[in-house]
Each structure stands twice: as C-alpha cells, then as structure tokens.
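The block underneath contains the structure these notes are about, expressed in structure tokens.
The values are calculated or read from the model by the stated rules, or taken from the named source; none is laboratory data. All figures in this text were calculated on a predicted structure; none of them were measured in a lab. Note that each Cβ is placed from the backbone with ideal geometry, even for glycine, and that neighbours are counted across all protein chains shown.
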C-alpha cells in the first residue's frame, strides 16, 4: 500500500512529482511503461506522454494505474463497499446487499466490529481486501479517514437516535 499512497500523494502534489514517483514505483516493481500499459489497460502512448511531461493523467487513468499496481503487489481488487458496524446493526438494519454505482453494481460486504479498535482494524482489512469505500459509525470515521485512501461515508442514524432518546426517557421514569 505504500507505493499506492506514494503515487496518490505525488498526484496531489504535482505532475512532476507524479512522474518521478511513478518511475520509482515501476523500477521497484521491475516493470516497464509497456508492462504497466498492458496491466492497466492504458495505451502506451498515454503513459509515455504522461511520463514525458506532455499530459496530466485523468482520474480514470490514475484509477487504472492504482488498480494495476495493487494487482502486481498481490492485493485483492474488489467491487464492494465495506459496511462496518456491530453485529446487531448488521443483522437488523441492513436490507440492501448491493448498490448501483453508475452502470455497475457494487456488493456490500459486512465487517462486524464490537469496539472502536475492532472498527479501525476492520477498515484497514476492508481496504486491503479491495473495498472501493467504507461506511461506518461517526465515532470512528474521523480516525479511519486519516488512515485509509478510499472514501469514507458516515452513518447518520437520525431515527434510531430519536428512538433511543425516547426509550431512555421512558426507562428513567420507571
């Protein structure tokens, strides 16, 4: 994952930094631009132009490069969204097991967690498993956002919070 983080940070910094770091990553992996082109499904001319200061990569090209490098590194690439929650929430509240993303369907893979620490470990595991995004509770989302390189969505349990407050009020009167 270090190589991928290096490339993402470089892409955010500048095209020159991305070119330099991509060349280093390819060398580390023992790959040529041609090898990456085949693995990523990108035309060699696109990569050569990117590497020779003629073109900034599109987001689509960056995604393909990252997927290819993940694959070369032996990391799984999935088409799923990780849902991190307690077993009770997963058993009672989750109805949809897939979601439409443009023209593709992404699965929802559950990662049960009983503690904040479990949730953080589950998030790291989900990213390593190839999750395209993580959905988790607000108590852990700020920490997970600092650790992972994939999008994080926070569960906002409006109705359940109101129901819990009412239940607490009823119990306090007893």
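When residue 89 is tested against (1) surrounded by 16 or more Cβ atoms within 10 Å (Cβ to Cβ); (2) within 18 Å of the chain's Cα centre (by Cα), exactly one condition is not met: (2). If you go through region 122-140 one residue at a time, do you hit one that is in contact with a strand residue (DSSP E or B) (Cβ under 7 Å, 6 or more places away or on another chain) and free of Cβ contacts under 8 Å to residues at least 12 places away in the same chain? There is no residue in region 122-140 that is in contact with a strand residue (DSSP E or B) (Cβ under 7 Å, 6 or more places away or on another chain) and free of Cβ contacts under 8 Å to residues at least 12 places away in the same chain.
Does region 7-18 hold any residues that are surrounded by fewer than 18 Cβ atoms within 10 Å (Cβ to Cβ) and either in the same structural domain as residue 131 (by TED's automatic domain parsing) or assigned to a helix (DSSP H, G or I) (or both), and which are they?
Of all residues in region 7-18, those surrounded by fewer than 18 Cβ atoms within 10 Å (Cβ to Cβ) come to 8-9, 12-17.
Once the filter is applied, which keeps residues that are surrounded by fewer than 18 Cβ atoms within 10 Å (Cβ to Cβ) and either in the same structural domain as residue 131 (by TED's automatic domain parsing) or assigned to a helix (DSSP H, G or I) (or both), region 7-18 yields 8, 9, 12, 13, 15, 16, 17.
Considering only region 107-124, I want to know if a residue exists there that is assigned to a strand (DSSP E or B), under 30 Å from residue 46 (Cα atoms), at pLDDT 85 or above and not assigned by TED's automatic domain parsing to the domain that holds residue 40. No: region 107-124 contains no residue that is assigned to a strand (DSSP E or B), under 30 Å from residue 46 (Cα atoms), at pLDDT 85 or above and not assigned by TED's automatic domain parsing to the domain that holds residue 40. Against the list (1) farther than 30 Å from residue 19 by Cα; (2) in contact (Cβ under 8 Å) with a residue 12 or more places away in the chain; (3) surrounded by 13 or more Cβ atoms within 10 Å (Cβ to Cβ), the condition residue 104 fails is (3).
Checking 163, 96 one by one, the residue that is out of contact with any helix residue (DSSP H, G or I) (no Cβ under 6 Å at 6 or more places or on another chain), assigned to a loop (DSSP other than H, G, I, E, B) and at pLDDT below 80 is 96 and no other.
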